[in-house]
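Have a look at the structure below, then the notes.
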Amino acid sequence: MHVISQSALRKFWEKYPDAETSLRSWYKLATTAEWSNLAEVKAVFSSADRVGNFTVFNIRGNNYRLITFIDYEYRPKKIFIRSVLTHEEYDEDKWKKDPWYQ
């Protein structure tokens with residue numbers, strides 16, 4: 001999978017250093033994957049959930065949320081990082097205003 005873009009992850013872990021290891025691990029697993037559907041994602045990340053058009057990952061034991069749009073059809077398959085949020089920011093639901101959400 002091609003992840004667009006790692007810089008969003010880096011920017012987040014610079015602000016929240018305790019997220020770095022988990023985000024790097026997620027990135028490594030995601031870039032080596034060839035997922036075709038959510039079931040295959042959940043085989044690697046069991047807590048991943050579909051919310052609207054997004055796939056949401058729990059990061060660092062559910063302290064943070066990684067919100068992505070996964071394009072399973074395009075070649076190469078792509079994962080677009082839409083947001084990386086604290087749990088509190090996630091609960092505010094502002095990320096649902098993203099035009100890609102629905």
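The values are calculated or read from the model by the stated rules, or taken from the named source; none is laboratory data. Note that this is a predicted model, so its numbers are computed, not measured. Every residue, glycine among them, receives a Cβ derived from its backbone with ideal geometry; neighbour counts consider all protein chains shown.
Can you say whether L66 is at negative phi, surrounded by fewer than 16 Cβ atoms within 10 Å (Cβ to Cβ) and modelled with pLDDT of 95 or more, as far as the supplied structure shows? First the steps, then the outcome.
Values: at negative phi: yes; surrounded by fewer than 16 Cβ atoms within 10 Å (Cβ to Cβ): no; modelled with pLDDT of 95 or more: yes.
The answer is no for L66.
Inside segment 1-38, can you point out the residues that are among the hydroxyl-bearing types (S, T, Y) and either closer than 17 Å to H87 by Cα or in a helix (DSSP H, G or I) (or both)? Walk me through it before giving the result.
Let us first name the residues in segment 1-38 that are among the hydroxyl-bearing types (S, T, Y), namely 5, 7, 16, 21-22, 25, 27, 31-32, 36.
If the condition is that a residue be among the hydroxyl-bearing types (S, T, Y) and either closer than 17 Å to H87 by Cα or in a helix (DSSP H, G or I) (or both), then S7, Y16, T21, S22, S25, Y27, T31, T32 are the ones that fit.
Residues checked against (1) surrounded by fewer than 11 Cβ atoms within 10 Å (Cβ to Cβ); (2) touching a Phe, Trp or Tyr at 6+ places or on another chain (Cβ under 7 Å); (3) of a type in the set (F, W, Y):
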position	(1), (2), (3)
S25	no, no, no
L38	no, no, no
S46	yes, no, no
E92	yes, no, no
W95	no, no, yes
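Return only the number of the condition from (1) under 18 Å from T86 (Cα atoms); (2) at pLDDT 95 or above; (3) of a type in the set (G, A, S) that S47 does not satisfy.
Result: S47 fails condition (2) only.
Among the residues of segment 82-102, how many are over 16 Å from R10 (Cβ atoms) and outside any helix (DSSP H, G or I)? Walk me through how you get there before you give the answer.
First pass over segment 82-102, keeping only residues over 16 Å from R10 (Cβ atoms): 86-102.
Then drop every residue that is not outside any helix (DSSP H, G or I), which leaves 86, 92-93, 98-102.
Of the residues in that region, 8 qualify.
Across segment 51-79, which residue is nearest to I4 (Cα to Cα) among those that are touching a residue at least 60 places away in the same chain (Cβ under 8 Å) and of a type in the set (K, R)?
To start, the set of residues in segment 51-79 that are touching a residue at least 60 places away in the same chain (Cβ under 8 Å) comprises 70, 76-79.
So of that shortlist, the ones also of a type in the set (K, R) come out as 77-78.
On the way: K77: 11, K78: 7 Å.
Ranking the candidates gives K78 first.
Quick one: count up the residues across segment 64-81 that are outside any loop (DSSP other than H, G, I, E, B), among the charged types (D, E, K, R) and out of contact with any helix residue (DSSP H, G or I) (no Cβ under 7 Å at 6 or more places or on another chain). It would help to see each step written out before you state the result.
Narrowing segment 64-81 to residues outside any loop (DSSP other than H, G, I, E, B): 64-71, 78-81.
With the extra rule that they be among the charged types (D, E, K, R), the set shrinks to 65, 71, 78.
With out of contact with any helix residue (DSSP H, G or I) (no Cβ under 7 Å at 6 or more places or on another chain) added as a condition, the list becomes 71, 78.
Of the residues in segment 64-81, 2 are outside any loop (DSSP other than H, G, I, E, B), among the charged types (D, E, K, R) and out of contact with any helix residue (DSSP H, G or I) (no Cβ under 7 Å at 6 or more places or on another chain).
If you go through segment 39-53, how many residues are assigned to a helix (DSSP H, G or I) and touching a helix residue (DSSP H, G or I) at 6+ places or on another chain (Cβ under 7 Å)? Before the answer, list the steps.
So the first thing to find is which residues in segment 39-53 are assigned to a helix (DSSP H, G or I), and the list is 39-44.
The next check asks that each one be touching a helix residue (DSSP H, G or I) at 6+ places or on another chain (Cβ under 7 Å); those that pass are 44.
Counting residues in segment 39-53 that are assigned to a helix (DSSP H, G or I) and touching a helix residue (DSSP H, G or I) at 6+ places or on another chain (Cβ under 7 Å) gives 1.
Go through the residues of segment 23-31 one by one and say whether even a single one is touching a residue at least 24 places away in the same chain (Cβ under 8 Å), small (G, A, S), in contact with an Asp or Glu (Cβ under 8 Å, 6 or more places away or on another chain) and within 19 Å of L9 (Cα to Cα). Steps first, answer last, please.
Of the residues in segment 23-31, the ones touching a residue at least 24 places away in the same chain (Cβ under 8 Å) are 23, 26-27, 30-31.
Checking which are small (G, A, S) leaves us with 30.
Subset that is in contact with an Asp or Glu (Cβ under 8 Å, 6 or more places away or on another chain): none.
No, that holds for no residue.
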